[in-house]
Amino acid sequence: VDIRTKYEQGCVGYTLPNSLHIPMNELFQKESIEKLAKYSDYEIVLSCHRGFRTLVATAFLQRIGITNVKSLEGGIVEFALNIKP
């Protein structure tokens, strides 16, 4: 789940394949929580620019019972720097 804004997505220019896009300002809305709850059989990885916001978001989601969620360490920038073209 990419929690960056549309602007941030454009700055880095890379998004993980098959990602859901739920910006951080929408992540804690009822509809978004319900959408994430439907993925209880999967590991959910949150990504943002550098990985700081996803740490907070992961902790919050785990507190409300969505325990299959993790933060992408270093964010999408670190991931993009370490993938092979």
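Would you work out the relative contact order for the chain, in percent, from Cα pairs under 8 angstrom that are 6 or more residues apart? Write out the running numbers ahead of the final one.
Details: 106 pairs, mean separation 25.5, N = 85.
So the answer I get is 30 percent.
Go ahead and set up a Gaussian network model of the chain, Cα springs under 10 Å, then flag whichever of G74, G65, G51 fluctuates most.
Most flexible of the set in this elastic network: G65.
Expressed as a whole percentage, what fraction of the accessible surface of the chain belongs to carbon and sulfur atoms when a 1.4 Å probe is rolled over the protein heavy atoms?
Details: 3110 of 5660 Å².
Whole-percent figure for carbon plus sulfur exposure: 55.
Excluding ligands, DNA and RNA, what is the solvent-accessible area per residue of the chain at a probe of 1.4 Å, expressed in Å²?
Working: 5660 Å² over 85 residues.
Here the per-residue accessible area is 67 Å².
By how many nm would the segment from T5 to F52 lengthen if fully extended, with 0.36 nm per residue of separation less the alpha-carbon distance? Don't jump to the answer; show the numbers that get you there.
Working: separation 47, 0.36 × 47 = 16.92 nm, distance 1.43 nm.
Separation in residues times 0.36 nm, less the Cα-Cα distance, equals 15.5 nm.
Nearest 0.05, what FRET efficiency do N25 and E73 give at R0 = 35 Å with Cβ-Cβ as r? Walk me through the intermediate numbers first.
Numbers: r = 23 Å, r/R0 = 0.65.
For N25 and E73, the calculated efficiency is 0.95.
If amide H atoms are built 1.01 Å from N in the plane of the peptide, which residues on other chains or at least 5 residues away come under 5 Å of the amide H of V45?
Here the answer is K70, since their amide H atoms fall under 5 Å of that of V45.
Let me know the charge dipole size of the chain about its Cα centre in debye, to the nearest 20, where only the beta-carbon of Lys, Arg (+1) and Asp, Glu (-1) is charged. Don't skip to the answer; put the middle values down first.
Details: 10 positive and 9 negative charges, 20 e Å.
Approximately 100 debye in magnitude.
The values are calculated or read from the model by the stated rules, or taken from the named source; none is laboratory data. Quantities reported herein were computed from a predicted structural model and do not represent experimental measurements. Counting neighbours? That spans all protein chains shown, and the Cβs are built from the backbone with ideal geometry, glycine included. Ligands, DNA and RNA are excluded from the accessible area calculation, which covers all protein heavy atoms including side chains. Shrake-Rupley method; radii C 1.70, N 1.55, O 1.52, S 1.80 Å.
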